[in-house]
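Trainee: Before anything else, here's the structure in question.
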Amino acid sequence: MDYDFSNKVVLVTGASAGIGEAIALLFAKLGAKLSLVGRNEANLRAVAAECEKQKGVKPLAIVADLGTDEGVQKTAKDTLDHFGR
């Protein structure tokens, strides 16, 4: 199957490790514009760099805890501000 996610914005939570990291890398290979969210800044930056290597599309990395209202609001605001949708 060939999927093309270029010009699509994909928000990946838990992107700094595990399943979230794997999903981020998959969508990067498919050309998506990524908004990556995680709590571990160092890991999140490393995952974002790996995603950028896939197709040259730089992801938006958001350090936030989605277990808090502030984290959810920051994620939504930053993603909308950056991508316009």
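The values are calculated or read from the model by the stated rules, or taken from the named source; none is laboratory data. Everything numeric here is computed off the predicted structure, so don't read it as measured data. All Cβ positions, even for glycine, are placed from backbone atoms using ideal geometry, and neighbour counts span all protein chains on display.
Trainee: Within region 56-79, can you find the residues that are charged (D, E, K, R), part of a loop (DSSP other than H, G, I, E, B) and more than 11 Å from T13 (Cβ to Cβ)?
Mentor: K58
Trainee: Can you work out which of the residues in region 1-45 that are of a type in the set (S, T, N, Q) and assigned to a loop (DSSP other than H, G, I, E, B) is nearest to Q73 (Cα to Cα)?
Mentor: If we filter region 1-45 for residues that are of a type in the set (S, T, N, Q), which is where we start, we get 6-7, 13, 16, 35, 40, 43.
Checking the rest, the ones that are also assigned to a loop (DSSP other than H, G, I, E, B) come to 6-7, 13, 16, 40.
Numbers: S6: 26, N7: 24, T13: 14, S16: 19, N40: 18 Å.
Checking each candidate, the answer is T13.
Trainee: Name the residue, out of A48, A28, that is among the aliphatic types (A, V, I, L, M), farther than 18 Å from G71 by Cβ and crowded, with 16+ Cβ neighbours inside 10 Å.
Mentor: After ruling out the rest, the residue left standing is A28.
Trainee: Residue check: is K74 surrounded by 13 or more Cβ atoms within 10 Å (Cβ to Cβ) and at pLDDT below 95?
Mentor: No.
Trainee: A further question on this structure: Pairs, please: C-beta under 6 Å, at least 6 apart or cross-chain, first residue in contact (Cβ under 8 Å) with a residue 24 or more places away in the chain and in region 66-85, second surrounded by 11 or more Cβ atoms within 10 Å (Cβ to Cβ) and part of a helix (DSSP H, G or I)?
Mentor: Listed pairs, sorted by first residue: L66/V72.
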